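Data first, discussion second: the structure below is written as structure tokens.
The values are calculated or read from the model by the stated rules, or taken from the named source; none is laboratory data. Everything numeric here is computed off the predicted structure, so don't read it as measured data. Every residue, glycine among them, receives a Cβ derived from its backbone with ideal geometry; neighbour counts consider all protein chains shown.
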Amino acid sequence: MDLIGRLTTIGAAPVLHLSGEIDLATVPLLRDHLSRAMSLHAGDTLFVDLDGLTAVDDTGLGLLLGAAGRCRELGAELVVVCTGERLLARFALTGLDRAVRVVPRVHAG
């Protein structure tokens with residue numbers, strides 16, 4: 001399966017909606033989507049909506065963590081939007097939820 005990224009705004013907040021799978025084959029696409037979103041919205045809080053994903057491997061989690069670090073370096077924040085129980089449990093297991101803010105929906109404003 002492919003990875004599809006769609007950049008929108010909710011209120012003034014940029015939101016990268018992802019659907020499909022994040023795995024070794026699609027990580028380059030994820031990197032491109034994140035880089036584009038971060039460059040178009042430099043300095044803004046970027047929400048990355050993962051609710052459309054069917055799978056995320058460790059490579060994808062590492063890339064999200066790295067992107068969150070780059071956002072912090074630029075004075076911004078990457079926030080993960082996720083409501084899937086399985087993925088939330090994985091965030092807790094890997095510690096991603098301690099390194100990146102995870103919310104159930106976009107809080108614009």
- Starting from the stretch 1-15, take each residue that is under 19 Å from Arg105 (Cα atoms) and list its partners that are loosely packed, with under 12 Cβ neighbours inside 10 Å and of a type outside the set (A, V, I, L, M), counting only C-beta distances under 9 angstrom and pairs at least six apart or across chains. Gly11/Gly109; Ala12/Gly109; Ala13/Gly109
- Item | Positions within the stretch 76-109 being in contact (Cβ under 8 Å) with a residue 24 or more places away in the chain, part of a loop (DSSP other than H, G, I, E, B) and farther than 17 Å from Ala12 by Cα, in sequence order | Cys82, Thr83, Gly84, Val100
- Query: Can you find even one residue in the stretch 33-56 that is part of a strand (DSSP E or B), surrounded by 21 or more Cβ atoms within 10 Å (Cβ to Cβ) and of a type in the set (D, E, K, R)?
  - Reply: yes
- Of the conditions (1) surrounded by 13 or more Cβ atoms within 10 Å (Cβ to Cβ); (2) modelled with pLDDT of 95 or more; (3) within 23 Å of Asp2 (Cβ to Cβ), Leu88 fails just one. Which one is it? (3)
- Message: Let me confirm something: among Leu88, Leu40, Leu50, Leu93, which residue is under 16 Å from Ser19 (Cα atoms) and of a type outside the set (D, E, K, R)?
- Response: Leu50
